[in-house]
Amino acid sequence: MSPDALAALHAKAFDRPWSAKDFADLIALGAVVVEETGGFILVRAMAREAEILTLAVDPAHRRKGIARRLIEAAARQLPADTLFLEVAEDNDPAISLYRSVGFEETGRRPRYYHRPDAQMIDALIFARALPDR
Ligand SMILES: CC(C)(COP(=O)(O)OP(=O)(O)OC[C@H]1O[C@@H](n2cnc3c(N)ncnc32)[C@H](O)[C@@H]1OP(=O)(O)O)[C@@H](O)C(=O)NCCC(=O)NCCS
């Protein structure tokens, strides 16, 4: 997917969309996109730790297992021991998803996300061990 297509899909999934330039810059710095029709995940690995930077599935394609497959495909590719992510504490679909694929809550960042209505939301930090390779 091009940076324009990534930004367009991201805008369907998030209140605060990232621009095509945001995606191009992250990819230039080493982030990797794993995609399938209707969704993508953007991940980055550094010093044996990997991070999910964003994960978006088109509302028209949800609850078909796309996000689960994208996470597992990224996990197989990442040269790291642990995969981390941050998620808004009120994002129940994403929290259910991450728990269902073996992530556990390891921390919290208070007032991390600013909503368009100025509300502040804590981020939960989740982590999952990656298989040896
Ligand atoms: C969260 C998101 C990525 C899930 O994508 P998806 O492709 O629909 O998820 P999957 O079909 O792979 O779901 C896998 C499991 O996650 C859980 N899950 C996913 N969506 C859920 C929902 N709306 N409510 C409850 N559980 C949900 C379920 O356990 C589901 O398994 P099941 O369908 O067998 O019950 C998608 O809703 C999305 O893009 N949301 C907006 C962006 C976002 O929040 N991204 C993550 C930010 S950290």
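Apply the Kirkwood formula to region 81-133: the hydrodynamic radius equals the inverse of the mean of 1/r over all pairs of different alpha-carbon atoms; give it in Å with one decimal.
Computed over Cα pairs of region 81-133, the Kirkwood hydrodynamic radius comes out at 11.8 Å.
Under the simplified labelling scheme, the ILE27-ASP122 pair shows an inter-label distance of 3.6 nm, with each label point 7 Å from Cα along Cα→Cβ. Oblate is the label for region 43-90, because the ratio a/c of its alpha-carbon gyration tensor axes (a ≥ b ≥ c) is 1.5 or higher and a/b is not greater than b/c. Taken along the Cα-to-beta-carbon direction at a fixed 7 Å, the label points for ARG63 and ASP81 span 4.0 nm.
Here's the picture: a label point sits 7 Å out from the Cα of ALA8 along the beta-carbon direction, and within region 59-83 nothing has its amide nitrogen under 11 Å of it. The ratio of the alpha-carbon radius of gyration of the chain to the globular-protein estimate 2.2 N^0.38 Å is 1.01. Here the simple spin-label model places points 7 Å from the Cα toward Cβ, and for GLU89 and GLU36 these points are separated by 3.3 nm.
Laboratory data are not the source of any read-out in this text; all were calculated from the coordinates shown. Just so it is clear, the model here is predicted, and its values are computed rather than measured. Don't worry about glycine lacking a Cβ; one is built from the backbone with ideal geometry, like all the others, and counts go over all protein chains shown.
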